[in-house]
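Scroll down for the structure; my scribbles are underneath it.
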Amino acid sequence: MKLNISLLWITAICLLISGCSNYRELNELGVIIGMGIDHNDDPENPYKVTYQVINPSGLAQTSTSGGKGLAVINYTVTAKTLVEAFSKASAVIPRENNISHLSLIIIGEELARNGLDLLFDTIDRGKNQRVSVPVFIARGKTAEYMLGVIEPLEITPGKNIISTTKSEQIDYGSTNEVLLYETISALMSEGKYVSLPGISIRNDSKDAKQTSNFETTAPAYIEAKGMAIFRKGKLVRWLDGETARAVQFVTSDINRTDVVIPCSDTGNATITVIRAKSKMKTKINHEKPVIHTHMNVMGEMMQTSCDLDMSDPKLLKEYERKMETELKKQLKRTIRITQKEKTDVFGFGEALSRTNPDYWHKHKKNWDDLFSEAEISMKVNVDIINSGMRMEPYKPKWR
């Protein structure tokens, strides 16, 4: 019995000792929280990689202990591969590099247009690297530039990008957060092309990367802007606003959004979508694919600038039909654009492979052309469940 107790104590001590064997102080680590990847004009070193590293002294400025400098510091290197870039970074980052806390990846637009190909192979293959980080495309700028913007509200540019994209996804829905493993899966898929959220800079100026960006009421800041759609790994086009949102409607990625319907020559009614669910069905007609989409939408009448009596059930039915027509118009416009670009970002090909595997196996290599000519029909059903707390709009005394 005494022997067993001794063994237990020895085992516990060994576990405690081994648990601390790889312990590192924060000021000994270069904690990388953001990575930007750009095209480099030098063919010998085609990649320019920017690492955003936490500055513990800068973070301390938010506490009473004080601190020095900004919360993050950027280091940029050029290399033949991403693995080599990480190794080269050890020559400029004066601490042991640690990428296990990476929170986002930004790809420069030029590199995205040249093609992603096997860009993410090293991250997917690495032992200490996370694949559950979001990926963004720097619209009209380099990733290096985006990571250098001094944000007025958030501590780091990365935190602002992630927060802004999530807020846009929740409240409007023209974009969504796409994680690295989802990006890799889409790049590997034979029936769906990848689409990634874009980020841009509003009020860009020479002070965007200076602390003086804090000293104005209209600073430069990063915004979520549009959706980048790809074909064969290359960025081919940007979708914006309602056109980008239509993709999210088809893929059932809408959480909440507002649809504006004209109610007079000068007035509009705003219906807030609180739920949207879409289904895809495919069939073959004369050796050509036919794609059906059926979307159910639930909404609430939230605002009107017209004199409407919402207590009349016939009026709500009328606006349900108007909203169905409007959504169909937006969906058809987006689908026509993607068919023209031959980029199936909806996953129609994946749906076809499940329902008609033999046909898919025979024609999957020609799916781009088949998709561009496919017949696509859609049905939209809208239910407006209430009109808010007021049945009639208030009337100013001069009306």
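The values are calculated or read from the model by the stated rules, or taken from the named source; none is laboratory data. Predicted, not measured: the structure shown is a model, and the values here were computed from it. Neighbour counts are summed over all protein chains in view; Cβ atoms, including those assigned to glycine, are modelled from backbone coordinates with ideal geometry.
Quick check, is Asn74 polar (S, T, N, Q), outside any strand (DSSP E or B), modelled with pLDDT of 55 or more and surrounded by 13 or more Cβ atoms within 10 Å (Cβ to Cβ)? So Asn74 fails the test. Restricting Thr251, Thr243 to residues that are touching a residue at least 40 places away in the same chain (Cβ under 8 Å), hydroxyl-bearing (Ser, Thr, Tyr) and more than 30 Å from His361 (Cβ to Cβ) narrows the list to Thr243.
Every test in (1) within 30 Å of Ser353 (Cα to Cα); (2) in a strand (DSSP E or B) is passed by Ser200 save one, and that test is (1).
Would you please name the residue that is farthest from Asp253 (Cα to Cα), looking only at residues in the range 163-193 that are in a helix (DSSP H, G or I) and of a type in the set (Val, Ile, Thr)?
Ile184
Yes or no, residue by residue, for (1) surrounded by 13 or more Cβ atoms within 10 Å (Cβ to Cβ); (2) touching a residue at least 60 places away in the same chain (Cβ under 8 Å):
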position: Ser90; (1), (2): yes, no
position: Ile93; (1), (2): yes, yes
position: Leu102; (1), (2): yes, yes
position: Ile106; (1), (2): yes, yes
position: Asp117; (1), (2): no, yes
position: Asp121; (1), (2): yes, no
position: Val133; (1), (2): yes, no
